[in-house]
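Here the structure comes first, spelled out in structure tokens, and everything after it is commentary.
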Amino acid sequence: YYITNNLRMPSVVNERVVQLYPLSNYTFGTKEPQYEKDASVAARFQRMRDEYSAIGMRKTVEGVLLVHEHNLPHVLLLQLGTSFFKLPGAEVAPGEDEVECLKKCLSETLGRQGDTIHWALMR
């Protein structure tokens, strides 16, 4: 999915419409820190194997958010701990719509308590 504002940006594979917004359109604040669930990579892989044994294949969604700052596009990433960065995303619950799951995740992760955010998603 791409968040867009009708600015055409060429791509190596093909052209996509990508909407870029200045950072001045956003408000920044702080939230409680997010940390990895696992103490090590080995522990993470073991947790993932255990979950796969119990639940089976899982479906996840992630969003790429682009903003325009200093005449350059920037990808927004979430920082976990001190050195791990990732795209915002979530595990899709059985029967849940992928787009609605991504919108909910983006609102919960990036929004403030009580704010209603209307995300424009493009495939």
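So here's what we get for this one:
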| read-out | value |
| --- | --- |
| Considering residues of the stretch 68-104 that are farther than 21 Å from residue 35 by Cβ, in a strand (DSSP E or B) and of a type in the set (A, V, I, L, M) only, the residue least open to solvent (accessible area, probe 1.4 Å) | 92 |
| Any pair with Cβ under 9 angstrom, 6 or more apart, that starts in the stretch 95-119 at a residue that is free of Cβ contacts under 8 Å to residues at least 24 places away in the same chain and among the polar types (S, T, N, Q) and ends at one that is open to solvent by less than 60 Å² (accessible area, probe 1.4 Å) and not in a loop (DSSP other than H, G, I, E, B) | 116/107 |
| Of the criteria (1) open to solvent by 80 Å² or more (accessible area, probe 1.4 Å); (2) under 30 Å from residue 24 (Cβ atoms), which one residue 52 fails | (2) |
| Extreme residue, nearest to residue 90 (Cα to Cα), among residues of the stretch 11-67 that are of a type outside the set (Phe, Trp, Tyr), modelled with pLDDT under 85 and in a strand (DSSP E or B) | 65 |
| Condition met for residue 108 (open to solvent by 60 Å² or more (accessible area, probe 1.4 Å) and in a helix (DSSP H, G or I)) | yes |
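The values are calculated or read from the model by the stated rules, or taken from the named source; none is laboratory data. Every value quoted in this text rests on a predicted model; they were computed, and no experiment measured them. All Cβ positions, glycine included, derive from the backbone under ideal geometry; neighbour counts span all protein chains shown. Accessible surface is based on the protein model in full, side chains and every heavy atom, while ligands, DNA and RNA are left aside. Shrake-Rupley method; radii C 1.70, N 1.55, O 1.52, S 1.80 Å.
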